[in-house]
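Inspection log for the structure reproduced underneath, given as C-alpha cells.
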C-alpha cells in the first residue's frame, strides 16, 4: 500500500475529517487550546469503600487506552490486577504508575493471538493469587478501509486479535472460575456490533462475533456462578484511534480540535468522543457485585450515538 492510500484510509476512519485541515488550525489555536493526551495523568485515586478490595482482576490490552485506564481504576478500587500487552515499556510504565498510587498491579507480557501465551498468562495469575474474580478481555485492533481493499492479512490480524484472542482467553479463564464457583467476565465489543460505518468490514465482523461468544458463555456458565457480558463503546479518545486517524504526529492542541470536531459530526447526543476513563468506570460498574443479575448483555455506552441511527 502506498503512503497516499494509507492517508485515505485514515481519513475514512475519522468520518471524512481531513487531518490536514485540522493541522492548519494549529496556528490559530495553539495559544488557546489545552494540551490533549489520551494517556494523560488519570483522575485522583478513589478514597472510601473499595468495591474490589481483595479481588483478583485480569485485564488484556492493559498498556494503553481503555485497558490502561481500567488497570488504574480497578487497582484504585482495591483489586489485585494482572494485566498484559505486547509493549513491555508501556507495561512497566503502567505498573509503576499504579504502584505510585498505592495500588497493586503486575504487568505480564502476552500476545492474545497465541494459545501458549494465554495459557502462560492465566497460569501466572493462578500462581500469584490462586484465583481469578474478574477477567476483562479488552485487547483489540482495528483497520479502516473498504472491504475490497482490505487485505487477507489485515482481516486475519483483526479477527485473530479480537475474536480468536477472546476465545483463547475464555478457554483458560473459565476453568479457573469454575473451580472456585464464581467469576465475572467482561468483553470489549463495540457499538459496531449493532450499527456500523463504511470502511469497517473486518472490525465490525469481529465485534459482532464477540457477542456470539459472550452470549453462549453466559448461557453455559451463568448458573455455575460466572456472569459474562460485553461493554460496547462508541469511539473513544485513545492512542489507537488517534493513530488510525493519521493524527499520531499532530500536536496535542490540534488533535484536541480534531477530536472535538469529529464528536460533533459523528456522535448525536453528547457530541463528543468518550474518554478512556469513562469506559473504565463502565467496566467497574459492569463487573461489580452491584450488577449481580446482569448476564448475557451487550451494554451500549455510546453517548447516545446509536439512538440516532
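A few remarks follow.
- Tally of residues being touching a residue at least 12 places away in the same chain (Cβ under 8 Å) and over 21 Å from residue 188 (Cβ atoms) across the range 107-119: 1
- Residue ID - nearest to residue 292 (Cα to Cα), chosen from residues in the range 221-241 that are assigned to a helix (DSSP H, G or I) and in contact with a strand residue (DSSP E or B) (Cβ under 9 Å, 6 or more places away or on another chain): 222
- Of all residues in the range 273-307, exactly one satisfies the criterion of being out of contact with any helix residue (DSSP H, G or I) (no Cβ under 7 Å at 6 or more places or on another chain), at positive phi and surrounded by fewer than 17 Cβ atoms within 10 Å (Cβ to Cβ), namely 304.
- Residue within the range 159-174 that is over 30 Å from residue 79 (Cα atoms), at pLDDT 95 or above and in a helix (DSSP H, G or I) present: yes
- Exclusive hit being in contact with a helix residue (DSSP H, G or I) (Cβ under 8 Å, 6 or more places away or on another chain), farther than 28 Å from residue 55 by Cβ, outside the structural domain of residue 165 (by TED's automatic domain parsing) and modelled with pLDDT under 95, set 262, 255: 255
- The strands (runs of 3 or more DSSP E) found wholly in the range 57-153 and carrying at least 3 residues that are in contact with a helix residue (DSSP H, G or I) (Cβ under 6 Å, 6 or more places away or on another chain) and closer than 19 Å to residue 177 by Cβ occupy 80-85, 134-137.
- The criterion of being surrounded by 22 or more Cβ atoms within 10 Å (Cβ to Cβ) and modelled with pLDDT of 95 or more holds for residue 230.
- Filter result for residue 218 (assigned to a helix (DSSP H, G or I), at pLDDT 95 or above, more than 13 Å from residue 162 (Cβ to Cβ) and assigned by TED's automatic domain parsing to the domain that holds residue 281): yes
- Residue selection: residue 198 satisfies the criterion of being surrounded by fewer than 22 Cβ atoms within 10 Å (Cβ to Cβ) and in contact (Cβ under 8 Å) with a residue 24 or more places away in the chain.
- Pair list, Cβ under 6 Å, 6 or more apart: the range 78-106 residue over 22 Å from residue 161 (Cβ atoms), other residue at pLDDT below 95 and assigned to a loop (DSSP other than H, G, I, E, B): 78/50; 101/45
- Filter pass, residue 261 being crowded, with 21+ Cβ neighbours inside 10 Å and either part of a helix (DSSP H, G or I) or under 14 Å from the mean Cα position of the chain (by Cα) (or both): no
- Condition check for residue 184: surrounded by 15 or more Cβ atoms within 10 Å (Cβ to Cβ) and assigned to a helix (DSSP H, G or I): no
The values are calculated or read from the model by the stated rules, or taken from the named source; none is laboratory data. Note that the structure is predicted; figures quoted are calculated from it, not measured. Cβ sites come from the backbone with ideal geometry, for glycine too, and all protein chains shown count toward neighbours.
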